[in-house]
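Since the structure comes first, as structure tokens, the remarks are kept for the end.
Only the coordinates and a few stated rules stand behind these numbers; no lab work does. Because the structure is predicted, anything quoted here is derived from the model rather than measured. In this analysis, Cβ positions are derived from the backbone assuming ideal geometry, glycine residues included, and neighbour counts consider all displayed protein chains.
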Amino acid sequence: MPELRLNLITREWVIIATERAKRPEDFKILASKKDTPHYVGTCPFCPGNEVKTPGELLRVSAGNGWKVRVVPNKFSAVSHSGKKERKIEGFRRSITAVGVHEVIIESPLHNTNPALLSLEQMEEVVRAYKNRFLEAYSDQRVEHVIIFKNHGEGAGTSLEHPHSQLIGTPVTPIQFRDRLEAAAHFFDDTGECLMCMLAKKEKEEEVRIIAENEYFLSFVPYAALSPFHT
């Protein structure tokens, strides 16, 4: 029987209908596969085409080449220059869209993705994430930083070369603020850290854990918000 579960982080009720999981064709993509080369001459993220991107913010070198590069987003969603200014005009509220928008180029190879990267290469990518994440918060205009990745045409990716994006905005999204408030309410009610409690319980049950090591824990939430939510 379907069940409604409460996601403690988002405070949303989620329908868990296990019977619907019997329809694997829902996730089957009928598309012809194409062979992608490791280098594409027109790709601005491929080695040798570095002049096609804005100046580097970070480079992880490898001999005469590189492993990871970080550059400003050429088509930034926010302005890298200018002051953060709020405006109130009657019932209208606005703020200048200033902040940080960067591209993390995850590999010199055009035809790979994080699932195929070596552990060493993935470590370099995560270190780049951390480096740029902390650097973005040093910008006094930035209130919130998020790192995200769109993979494939279906996710809206315009360039297939493996990359992630980092964006720092002058406001904190309401979804994030709601989660902070949910964690604060949980602490007020129980005296426990919400995330610590969830991690502890998932490790005890060992039902939804995907992977675990000394530094990371990955699991499917009890009240997952979407298929493949981890």
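Give the residue from F75, L8, G65 lying farthest towards the positive end of the charge dipole for the chain; charges sit on Cβ (+1 for Lys and Arg, -1 for Asp and Glu) and the dipole is referred to the Cα centre.
Result: F75, furthest along the dipole toward the positive end.
If you restrict to DSSP beta bridges whose two residues both lie in the chain, what percentage is antiparallel, to the nearest 5?
On the way: 32 of 33 bridges.
So the antiparallel bridges amount to about 95 percent of the total.
Would you mind listing how long the chain runs along its three principal axes, going by Cα atoms, in whole Å with the largest first?
55, 52, 36
Report, by chain and number, residues whose modeled amide H sits under 5 Å from the one on V68, excluding near sequence neighbours (fewer than 5 apart, same chain).
Amide H neighbours of V68: V60.
Using only Cα atoms, what is the ratio of the radius of gyration of segment 50-172 to 2.2 N^0.38 Å?
Normalised Cα radius of gyration, segment 50-172: 1.18.
Holding the Cα-Cα limit at 27 Å, pick out from K74/K149; K67/K130; K67/K203; K52/K87; K83/K130; K34/K67 the pairs that are longer than that. It would help to have the intermediate numbers written out before the result.
On the way: K74/K149 16 Å; K67/K130 16 Å; K67/K203 34 Å; K52/K87 37 Å; K83/K130 25 Å; K34/K67 25 Å.
Check vs 27 Å cut-off fails for K67/K203; K52/K87.
Per residue of segment 83-88, what does 6.51 cos²θ - 1.76 cosθ + 1.60 with θ = phi - 60° give for ³J(HN,Hα)? Whole Hz please, x for Gly and Pro, Karplus curve as stated.
Computed from phi, the couplings for segment 83-88 are 9, 7, 10, 8, 10, 10 Hz.
In nanometres, what is the gap between the two model label sites at D35 and M122, each 7 Å from Cα along Cα-to-Cβ?
2.8 nm
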